[in-house]
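Every number here is computed from the coordinates shown, using simple stated rules; none is lab data. All figures in this text were calculated on a predicted structure; none of them were measured in a lab. So basically every Cβ, Gly included, is an ideal-geometry build from the backbone, and we count neighbours across all protein chains shown.
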Amino acid sequence: MKVLFFDAPYFGKVELAKKTLEYILKKKYKIIALYASVQFCNQLDVVKKQLEAAGIAWVTSKADRTHVTSQVLGCDNYHSSLNLKAQADAYLYVGDGKFHPLALVYGQKDLSKDEVKEIICNDPIEKKFELLDILHIKTILKKYKGSLLKFLNATTVGVLITVKPGQEQMKPSFYLEKKFPNKKFYYFLDNVVSFDQLENFPFVKVWVNTTCPRVGFDDQLKFEKGVINLNDALEAEAILGKDSAMNGL
């Protein structure tokens, strides 16, 4: 089946709410990293002018797997994917909902640190603002760290693979066998992650997610035996080693 994807841009007025601008000024942020969901990327000119008029510089970038500048993908929660070369005091997200801006929080995750740069969310439809920070994902990160430990100690691991275009990572998942030759890996292919079926495989001690990276975080509580994303599985020892070194200082 041929599938056609196209943007659905928002053509209403997009500007910063009064409280949003007041908050940025109150915090004395000098440089803001500006991002939006794809619906609002074509309407950021007014927002940029508002920031400039208030003496606030803005920076942005074209993230991996996006086709327009300033777009942020909710499913991509790795900071390097933003391709942001400049330094910023905080992030400003223009859009509604929390799925996309939470990716900016996850993208800064560091199990050895307990802070991230603030995400200021401006909803142009409801004309309001909201703040996101490390507290919104702290419980999930704690469980994620536990899942990393489980992975390193596990001898049998289940690997979840989707057949969805753009998410399928079967070949990259085979690097797990080279990296951890003493572990036995079982591969599960489907077009969706069926959480209610996981308990049917009691021999699996921990799961590795290769589908949307947000499954490894947002759905952490649905995995009784724990789950980590493929990239972090391949670097588990280094990630936990860094955390131990920081805690020992």
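Pull out a ≥ b ≥ c, the square roots of the eigenvalues of the alpha-carbon gyration tensor of segment 130-183, then state rounded if a/c is under 1.5, prolate if not and a/b is larger than b/c, and oblate in the remaining case.
Oblate, since a/c reaches 1.5 and b/c is not below a/b.
Could you grab the relative contact order for the chain? Cα pairs under 8 Å, six or more apart, rounded to a whole percent. Write down the numbers at each step before the final one.
Working: 430 pairs, mean separation 40.6, N = 249.
About 16 percent, as a whole number.
At a Förster radius of 51 Å, what calculated FRET efficiency corresponds to the Cβ-Cβ distance of residue 130 and residue 184, to the nearest 0.05?
Using R0 = 51 Å, I get an efficiency of 0.70.
Under the rule of at least 5 residues apart or a separate chain, name every residue whose amide H is placed under 5 Å from the amide H of residue 227.
207
Could you tell me which of the pairs 150/184; 109/150; 109/179; 117/222 are separated by over 22 angstrom between their Cα atoms in the structure shown?
Going by Cα-Cα distance, 109/179; 117/222 fall outside the 22 Å limit.
How tilted is helix 138-153 with respect to the longest principal axis of the chain? Cα atoms for both, answer in degrees (0 to 90, nearest 10).
Helix 138-153 sits at roughly 30 degrees to that axis.
With a sphere of radius 10 Å drawn around the Cβ of residue 144, what net charge do the other residues whose Cβ falls strictly inside it have (Lys, Arg +1; Asp, Glu -1)?
+3
Per DSSP H run of n ≥ 4, the term is -39500 (n - 2.57); total these for the chain, divide by its residue number, and report the mean residue ellipticity at 222 nm rounded to 500 deg cm²/dmol.
-8000 deg cm²/dmol
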